[in-house]
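The values are calculated or read from the model by the stated rules, or taken from the named source; none is laboratory data. It should be emphasised that the depicted structure is a prediction, and the values quoted were computed from it without experimental measurement. Using ideal geometry, Cβ is built from the backbone for each residue, glycine included, and neighbour counts are taken over all protein chains shown. These area figures cover heavy atoms from the full protein model, side chains too; ligands, DNA and RNA do not enter into them. Shrake-Rupley method; radii C 1.70, N 1.55, O 1.52, S 1.80 Å.
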Amino acid sequence: MISKTISKRGAIAAKTALRSDMDLFFEASGDLWDAKSNPDGKLPLNMAENNLSWEKLQEEMETVLKNNSIPDWVSNYTSPAGAPEFLESVSSYMNRYLCRFPVNSSELFAAAGCTAILELMAWVLCDEMDVAVIPAPSYPVYTQDINNKAKVERFDLVNHHEIDQLGNKEILSLDKLEETKSQLEKEGKRFKLLLLTNPDNPTGRIFTNGELDNISNWCIKNEIHLVVNEIYALSLIDTSHPLIANDYSYQLTFKSFSELMHLKESPYLHLIYGLSKDLGSSGFRVGIFHTKNELVLKALMNLNGPHMVSNLTQWLFSKILLNHDFLDSYITTNQKKLSRSYLTVVKTLKELNLPYIPARGSLFSWFDLGELLERNTKELETELWMSLYKEEGVLLTPADGFGHSKFGQFRLVHTYLQEEALVEAMKRIKRFVLKRRR
Ligand SMILES: Cc1ncc(COP(=O)(O)O)c(C=O)c1O
C-alpha cells in the first residue's frame, strides 16, 4: 500500500539504500579490533577512505587555525561556483600536482564532494533515460549518483569475465564502444555519457594517455560527453617495488586528463577531482568539476545552491592548497604509506595464489575468491561475503553492484585501517580461505 505520509518518489528513496554495506560498516566500526583491548574485534575494509595520513593534515589544519583569523567573507554567501579565493588555490594546486597545463580557475566549479558533482553533472549533461556507459567493474554508487535525481541509466560495459583475461590489454577499446553504441541504439536508447575513473575504482588500473586520446576523439566525433573522474589522481602506488614489479609488463605514469582537455578545447570533455581520497578528507566534502563548456558551468552554478561547500572549509583548504612545502611532504609520505599497505595485501594474495588486478593507484585491491563459489551467483557471493564477516570479522565489498559478470570478486580498501590491523585482517582472510579450500 502506498503511504499517504510520503510522496511516490520519497517512497522510492526510502527503499533505495545509498549502499548495501553501509549498516554493516557502522556496526563493524563500533566494534573495532585492537590487539590489546579488543582482539576479537571487527576489521572493516569496505569504506573507501584513507586514514593513513590524517594526523599530518590535522596538524597542518590546526596550525592554520592558530595562526590566522577567519576572514569576514567566510560568514557570508559566496559565488555558487565556489569562493574565488578557494578556486584560485585549487587551480594552483592542480597546476602543480596534477597537470602541466594551466587549469584556469574560471573553468572550475566546487560542490559538496564528488557525489554532489556526479549528481549535478548527470543532470546537466544528460536528459532523463539517457545512458551513461561505465566500464565494469566500477564504483557501485555511480548508479545512485546519476539515477536518484537525474534519472540517468547506468550501462556496465563488461569486456572480460576472468581477471586473467585482462592481461595488460587496454581498458576500453573503440570497437567495444562502437558495439555498445549500436546495441543501445537498437534498444532505442541514447548513449550520452561515458564515465571513466582514473586511477580506477576498484581495479586501480590507469588509462594511458594514448587510450584517453583515442577515446576522447571518439566521444567528440559522436557528441558523447566524456567525464574522467580523477578523485584518486595522487593516490599512486610504487610499482617498482621488487615484490610487485613483475606484476606490470610496462611502467606507466599517471597523466591527468586535463592536459588533453587543454589541447582539445572541446565542450564534450570534463574532469572530476576531489579532496576526499588524495588528502584523506572525505568528511570535509570537497568536490571539483573542470570543464571548458561555459553553458555547463552556468547551469551547474544555477543548481548548486543546495550543494555548496561551507566557506570555512573553502577558506581552510585555500590556505592548505597553497602550502607547497606541506603538500610536497604530505603527498610523498602518503604515497609511501599507501604503497606499503598495498604490499601487505598483495603479499597474502600471492601466498594464497588468488587472482588480483595489479593496481597502479587508488586505495583498493580487487581480487577473486570465485574458486570458493560452487556456482557464479549473487546469492552464493553474498553468503561467502557474510561468512567472512561472521567467522572472521573482516568486512569487504562484494562484486554485486560493480556491474561485473563474475561473482566472488571482492574489493578491499587497504588504507582504512592502520598497518597492524591490516596485517591482522590479512591473517584472518588467509585462515578463512585455507579453511574453505580444505
Ligand atoms: C570513484 C569515486 N567517485 C566519487 C566518490 C565520492 O567522493 P566524495 O567523498 O567526494 O563524495 C568515491 C568515493 O568512494 C569514489 O570512489
### Summary
By residue number, the members of region 247-258 that are over 23 Å from Thr415 (Cα atoms) and either modelled with pLDDT of 95 or more or within 14 Å of the ligand (Cβ to nearest atom) (or both) are Phe257, Ser258
### Message
On the basis of being open to solvent by 10 Å² or more (accessible area, probe 1.4 Å) and under 20 Å from Ala233 (Cβ atoms), does Phe101 make the cut?
### Response
yes
## Note on the structure
The correct count of residues that are open to solvent by less than 10 Å² (accessible area, probe 1.4 Å), touching an Asp or Glu at 6+ places or on another chain (Cβ under 7 Å) and over 21 Å from Met22 (Cβ atoms) in region 137-157 is 2
### Task
Give the residue, chosen from Lys347, Lys319, Lys336, that is closer than 27 Å to Gln58 by Cβ, surrounded by fewer than 23 Cβ atoms within 10 Å (Cβ to Cβ), in contact (Cβ under 8 Å) with a residue 24 or more places away in the chain and outside the structural domain of His161 (by TED's automatic domain parsing).
Lys336
### Query
Restricting attention to region 370-379, does a residue exist that is open to solvent by 10 Å² or more (accessible area, probe 1.4 Å), of a type in the set (Ser, Thr, Tyr) and touching a Phe, Trp or Tyr at 6+ places or on another chain (Cβ under 7 Å)?
yes
### Task
Please state which of the following conditions Ser106 fails to meet, knowing it meets all the rest: (1) in the same structural domain as Glu259 (by TED's automatic domain parsing); (2) in contact with a strand residue (DSSP E or B) (Cβ under 7 Å, 6 or more places away or on another chain).
(2)
### Subset of region 259-283 that is within 16 Å of Leu87 (Cβ to Cβ) and within 12 Å of the ligand (Cβ to nearest atom) - its residue that is surrounded by the most Cβ atoms within 10 Å (Cβ to Cβ)
Tyr273
### Tabulated pairs, region 268-292, first in contact (Cβ under 8 Å) with a residue 60 or more places away in the chain and over 14 Å from Ser235 (Cα atoms), second charged (D, E, K, R) and away from the ligand (no atom under 11 Å from the Cβ), C-beta under 9 angstrom, 6+ apart or interchain
His270/Lys292; His290/Glu107; Thr291/Glu107; Lys292/Glu107; Lys292/Lys264; Lys292/Glu265
### Message
Looking at (1) within 23 Å of the chain's Cα centre (by Cα); (2) over 24 Å from Arg411 (Cβ atoms); (3) not hydroxyl-bearing (Ser, Thr, Tyr), which one does Ile237 not meet, given that it meets all the others?
### Response
(2)
### Query
open to solvent by 10 Å² or more (accessible area, probe 1.4 Å), acidic (Asp, Glu) and in contact with a helix residue (DSSP H, G or I) (Cβ under 8 Å, 6 or more places away or on another chain) - does that describe any residue in region 209-226?
yes
### Summary
Among the residues of region 41-52, the number that are open to solvent by less than 10 Å² (accessible area, probe 1.4 Å) and either away from the ligand (no atom under 16 Å from the Cβ) or outside any loop (DSSP other than H, G, I, E, B) (or both) is 3
### Query
Out of region 284-307, which residues are within 13 Å of Leu87 (Cα to Cα) and within 14 Å of the ligand (Cβ to nearest atom)?
Val286, Gly287, Ile288, Phe289
### Selection count, region 114-171, where residues are more than 16 Å from the ligand (Cβ to nearest atom) and either small (Gly, Ala, Ser) or modelled with pLDDT under 95 (or both)
13
### Task
For region 394-402, indicate whether the set of residues that are in contact with a Lys or Arg (Cβ under 6 Å, 6 or more places away or on another chain) and either at pLDDT below 95 or under 23 Å from Gln144 (Cα atoms) (or both) is non-empty.
yes
### Query
Phe25 fails exactly one of the following numbered conditions: (1) open to solvent by 30 Å² or more (accessible area, probe 1.4 Å); (2) within 16 Å of the ligand (Cβ to nearest atom); (3) assigned to a helix (DSSP H, G or I). What is the number of that condition?
(1)
### Query
Would region 248-258 turn up any residue that is under 17 Å from the mean Cα position of the chain (by Cα), open to solvent by 20 Å² or more (accessible area, probe 1.4 Å) and of a type in the set (D, E, K, R)?
yes
### Query
Given the structure, is Leu196 in contact with a Phe, Trp or Tyr (Cβ under 7 Å, 6 or more places away or on another chain), more than 23 Å from Gly113 (Cβ to Cβ) and open to solvent by less than 10 Å² (accessible area, probe 1.4 Å)?
no
### Message
Step by step: first the residues of region 53-77, then only those that are of a type in the set (Ser, Thr, Tyr) and surrounded by fewer than 18 Cβ atoms within 10 Å (Cβ to Cβ), then the one that is farthest from the ligand (Cβ to nearest atom). Which residue is that?
### Response
Ser69
### Message
Every residue in region 8-22 that is in contact (Cβ under 8 Å) with a residue 60 or more places away in the chain and assigned to a helix (DSSP H, G or I), please.
### Response
Ala13
### Message
Condition check: in the same structural domain as Tyr232 (by TED's automatic domain parsing), more than 16 Å from the ligand (Cβ to nearest atom), in a loop (DSSP other than H, G, I, E, B) and among the small types (Gly, Ala, Ser). Does Ala81 satisfy that?
### Response
yes
### Task
Count, please, the residues in region 104-113 that happen to be of a type in the set (Gly, Ala, Ser) and more than 14 Å from the ligand (Cβ to nearest atom).
2
